[in-house]
Amino acid sequence: MREKVARELDGVTHVTAAGGRLRGLAALTTATVEEARRRHDTHPTATAALGRTITATAMLAAGMKNSDKVMTEILGDGPLGGIVAEVDAFGKARGYVQNPHVHLPLNKKGKLDVAGAVGKGKFCVTKDFGLREPYRGVVPLISGEIAEDFAYYLSTSEQTPSATALGVLVDPDHSVRAAGGILIQLLPGAAEDHGLVEELERRIASMPMLSRAIDNGVRPIDLLYGVLEGLQPKTLEHRPLTFSCSCSKERFGRGLVALGEAELKDIIDKDGSAELVCHFCNESYHFTHEELESLLDEARK
């Protein structure tokens, strides 16, 4: 196993190019994905799937403001079950995979078989802008590799032709060695320029393997600038990214109160105490008999 070296902090960088006709995003997510892996004890194939989903969601959230947040759900029929990731406008990311201990043999290309683990199903995105009803887009999974599904969602549901690359490199000890993503979107006026589209496709196809490049010290933003060379790329904004969950014992307590007096009393009578676990971060919260009795008093009120 190679020695791990210090990495720069995770984040998403927003770039414009070609006189505003192109939008680019570059995400470094190594530490964030590793924290998700550590919390959920994911095995390599599950780690790659979850890491790609978190990275894609982080790029979706890059333009959000205030209390906005976006959630991506990959609902496949493969052994992984559901994959969920959520990122808010402040770069706080969290996520989980339903069956974290899934690991399949390598695919024909010698890579982690994410598509086999995901299977067929739906790619769902929910954007919460603080309005009465959140925006929700749903498209079928076209490959299960997640990057292609992400681009298909953007092109189909949001009518923005897009090209994307996602990568997660996992060490033999199951830890995350490198993770990140690149997204290029064609804005109005660019899609009609077939020469530009063909040139971008050629450059993206010749780009080195993303996770290996990151592991070798190449930043995603440098790779993005390489793809956009000659198109006057300009950095607009950089947002830090970190794994952070909004759960708390107080929130879970409110949830117990919301169950109602009868159900809460039933928990006290049968179990005496309660142990609740957050799906997103795997943090557990223990409620003693006395604490449950106090919550029961609140429910009665």
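The values are calculated or read from the model by the stated rules, or taken from the named source; none is laboratory data. Predicted, not measured: the structure shown is a model, and the values here were computed from it. Virtual Cβ from ideal backbone geometry, glycine too; neighbours counted across all protein chains shown. Accessible surface areas use protein heavy atoms only, side chains included; no ligands, DNA or RNA. Shrake-Rupley method; radii C 1.70, N 1.55, O 1.52, S 1.80 Å.
Below is a table of values for the structure above.
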quantity: Residues within the stretch 104-121 that are within 28 Å of Gly11 (Cα to Cα) and surrounded by 16 or more Cβ atoms within 10 Å (Cβ to Cβ), tallied; calculated: 6
quantity: Members of the stretch 199-238 found to be β-branched (Val, Ile, Thr) and more than 22 Å from the chain's Cα centre (by Cα), listed by number; calculated: Val227, Thr235
quantity: Test set (1) part of a helix (DSSP H, G or I); (2) open to solvent by 20 Å² or more (accessible area, probe 1.4 Å); (3) closer than 24 Å to Asn282 by Cα - Leu9 fails condition number; calculated: (1)
quantity: Among (1) open to solvent by 10 Å² or more (accessible area, probe 1.4 Å); (2) assigned to a loop (DSSP other than H, G, I, E, B) - the single one Gly19 does not satisfy; calculated: (2)
quantity: Selected residue (criterion: nearest to Ile182 (Cα to Cα)) from residues of the stretch 22-42 that are part of a helix (DSSP H, G or I) and charged (D, E, K, R); calculated: Glu34
quantity: Conditions (1) under 31 Å from the mean Cα position of the chain (by Cα); (2) open to solvent by 60 Å² or more (accessible area, probe 1.4 Å); (3) of a type outside the set (Lys, Arg); number of the one not met by Asp297; calculated: (1)
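Here is a yes/no grid of residues against (1) farther than 25 Å from Asn216 by Cβ; (2) open to solvent by 40 Å² or more (accessible area, probe 1.4 Å); (3) not in a strand (DSSP E or B):
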residue	(1), (2), (3)
Val125	yes, no, no
Leu154	yes, no, yes
Thr164	no, no, no
Gly167	no, no, no
His174	no, yes, yes
Leu183	no, no, no
